[in-house]
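Trainee: Once you've had a glance at the structure underneath, I'll fire off some questions.
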């Protein structure tokens, strides 16, 4: 018991010293030996919140991984509205796919939860005796969910107008966005999505497939195909749409880059200029950065998915955005349900299994070569809601970064930790039997 009491006293003295000054160093010394690590864990478990959490995180920062890599870390107590831990939180690092958090929060804030992504079929010319003489316009709105069922609906809408023959043109209107098909700073050898505003099943072969589906349905298509901008006077035949929450679900749960870039350009299009440009979306994200109280000039925004090597953000920025979303119910009600859940679904399905973090941590993952990141929400043992961001850069094995992040999350939710063994009391000396007299 004396040893345990001494350990607790030492811990309280450490906390008192930390209250006087909070110093974070870039160079960290390794924990000495197993008994010291054990005492550190027991010490943390003996402290009140949030000192126990800080002590655990201090222990994790002793990892040899952090002697050869960079880390940005911030933990914010949303319930208490205060930062409870920070380490190089303002260092600009590449976010990988946690960049999708910036895109999602900006999109929900700017577009609203009722926003729809639309693809339209219209025509100019005349319809007589089952024949359309004129032009069919396929107007893209960069909906990444447009698929074969939607294309069949286009054909069905023509059939309902009595059209069985088309003489003229079928034209793709791709004026929704700028013509570039790749994002700024994307590597040529990555699995990059094609940024066309008129895709079918994620592929850029809309017109050829449309003509084939028409003919398969018995429609005579005596047409030329091309690309142009539809006139405002064109008559609408069919509009297919998908809601913002449908797009966000796959964008965040599965970390889908095409869906993220599509949302990025929806934000750009909301600026009111055509064609929508990536620079328009960047300006919207920068306004969001200003809204959370930071200077946009301190960061570099290149794309909406995190594929670009030109993105540079900080743990502080992502944590502030998460706080902003949590404090705005109209944003959080769309963001919360689409975040992967540890041990349950999305890109966190196989992480933190059989720990207290499983089913608790909701966060966006990020992975690029030598970059691993995680940012989101969790609930501490006392019921407080936390927002956090962890960015590991320079990790040659991304699994090392993921392991570190999982340990941080387990510390945040106050996982089971080893308890100090109870020191048995020294048994009393056996009493000498009194001699009978």
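Trainee: For region 280-299, indicate whether the set of residues that are in contact (Cβ under 8 Å) with a residue 60 or more places away in the chain and assigned to a loop (DSSP other than H, G, I, E, B) is non-empty.
Mentor: Within region 280-299, one or more residues are in contact (Cβ under 8 Å) with a residue 60 or more places away in the chain and assigned to a loop (DSSP other than H, G, I, E, B).
Trainee: Please go through region 346-363 and give me each residue that is touching a strand residue (DSSP E or B) at 6+ places or on another chain (Cβ under 9 Å) and in a loop (DSSP other than H, G, I, E, B), ordered by number.
Mentor: Of everything in region 346-363, those that are touching a strand residue (DSSP E or B) at 6+ places or on another chain (Cβ under 9 Å) and in a loop (DSSP other than H, G, I, E, B) turn out to be 349, 351, 357, 358, 359, 360, 361.
Trainee: State yes or no: is residue 261 surrounded by 14 or more Cβ atoms within 10 Å (Cβ to Cβ) and part of a helix (DSSP H, G or I)? Walk me through it before giving the result.
Mentor: On the way: surrounded by 14 or more Cβ atoms within 10 Å (Cβ to Cβ): yes; part of a helix (DSSP H, G or I): yes.
Considered against the rule, which asks whether it is surrounded by 14 or more Cβ atoms within 10 Å (Cβ to Cβ) and part of a helix (DSSP H, G or I), residue 261 comes out as yes.
Trainee: Considering region 40-77 alone, what residues qualify as being at pLDDT below 50 and either in contact with a helix residue (DSSP H, G or I) (Cβ under 6 Å, 6 or more places away or on another chain) or crowded, with 21+ Cβ neighbours inside 10 Å (or both)?
Mentor: First pass over region 40-77, keeping only residues at pLDDT below 50: 40-42.
Answer for region 40-77, where residues must be at pLDDT below 50 and either in contact with a helix residue (DSSP H, G or I) (Cβ under 6 Å, 6 or more places away or on another chain) or crowded, with 21+ Cβ neighbours inside 10 Å (or both): just 40.
Trainee: Right, here's the next one. In contact with a strand residue (DSSP E or B) (Cβ under 6 Å, 6 or more places away or on another chain), exposed (fewer than 14 other Cβ atoms within 10 Å of the Cβ) and modelled with pLDDT of 95 or more: is that true of residue 167 in this structure? Don't jump to the end; show me each part of the working.
Mentor: Details: in contact with a strand residue (DSSP E or B) (Cβ under 6 Å, 6 or more places away or on another chain): yes; exposed (fewer than 14 other Cβ atoms within 10 Å of the Cβ): yes; modelled with pLDDT of 95 or more: yes.
Considered against the rule, which asks whether it is in contact with a strand residue (DSSP E or B) (Cβ under 6 Å, 6 or more places away or on another chain), exposed (fewer than 14 other Cβ atoms within 10 Å of the Cβ) and modelled with pLDDT of 95 or more, residue 167 comes out as yes.
So that you can scan it fast, the table gives a plain yes or no per residue for (1) closer than 30 Å to residue 229 by Cβ; (2) modelled with pLDDT under 95:
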| residue | (1), (2) |
| --- | --- |
| 280 | yes, no |
| 284 | yes, no |
| 292 | no, no |
| 315 | no, no |
| 320 | no, no |
| 341 | no, no |
| 346 | no, no |
| 354 | no, yes |
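One line per residue, one yes/no per condition, for (1) within 16 Å of the chain's Cα centre (by Cα); (2) over 16 Å from residue 319 (Cα atoms); (3) assigned by TED's automatic domain parsing to the domain that holds residue 194:
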residue: 261; (1), (2), (3): yes, yes, no
residue: 266; (1), (2), (3): no, yes, no
residue: 276; (1), (2), (3): no, yes, no
residue: 284; (1), (2), (3): no, yes, no
residue: 292; (1), (2), (3): no, no, no
residue: 296; (1), (2), (3): no, no, no
residue: 301; (1), (2), (3): yes, yes, no
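Trainee: Could I ask something else about it? I'd like to know if region 166-174 contains one or more residues that are within 30 Å of the chain's Cα centre (by Cα) and either closer than 28 Å to residue 281 by Cβ or in contact (Cβ under 8 Å) with a residue 12 or more places away in the chain (or both).
Mentor: The answer is yes; a qualifying residue exists.
Trainee: The conditions are (1) surrounded by fewer than 21 Cβ atoms within 10 Å (Cβ to Cβ); (2) within 23 Å of residue 76 (Cα to Cα), and residue 279 fails exactly one of them. Which is it?
Mentor: Residue 279 satisfies all of (1) surrounded by fewer than 21 Cβ atoms within 10 Å (Cβ to Cβ); (2) within 23 Å of residue 76 (Cα to Cα) except (2).
Trainee: Does residue 213 fit the bill of being in contact (Cβ under 8 Å) with a residue 60 or more places away in the chain and over 25 Å from residue 103 (Cβ atoms)?
Mentor: Details: in contact (Cβ under 8 Å) with a residue 60 or more places away in the chain: yes; over 25 Å from residue 103 (Cβ atoms): yes.
In short, yes.
Trainee: Of the residues that sit in region 313-345 and are out of contact with any helix residue (DSSP H, G or I) (no Cβ under 7 Å at 6 or more places or on another chain) and in a loop (DSSP other than H, G, I, E, B), which one is nearest to residue 409 (Cα to Cα)?
Mentor: So, considering only residues that are out of contact with any helix residue (DSSP H, G or I) (no Cβ under 7 Å at 6 or more places or on another chain) and in a loop (DSSP other than H, G, I, E, B), the one nearest to residue 409 (Cα to Cα) is 343.
Trainee: Still on this structure, I have one more. Which of (1) within 23 Å of residue 218 (Cα to Cα); (2) touching a residue at least 24 places away in the same chain (Cβ under 8 Å); (3) in a helix (DSSP H, G or I) is the odd one out, the single condition residue 122 does not satisfy?
Mentor: Exception for residue 122: condition (3).
The values are calculated or read from the model by the stated rules, or taken from the named source; none is laboratory data. Everything quoted here is computed from the prediction, not taken from an experiment. Neighbour counts run over all protein chains shown; Cβ positions are idealised from the backbone, glycine included.
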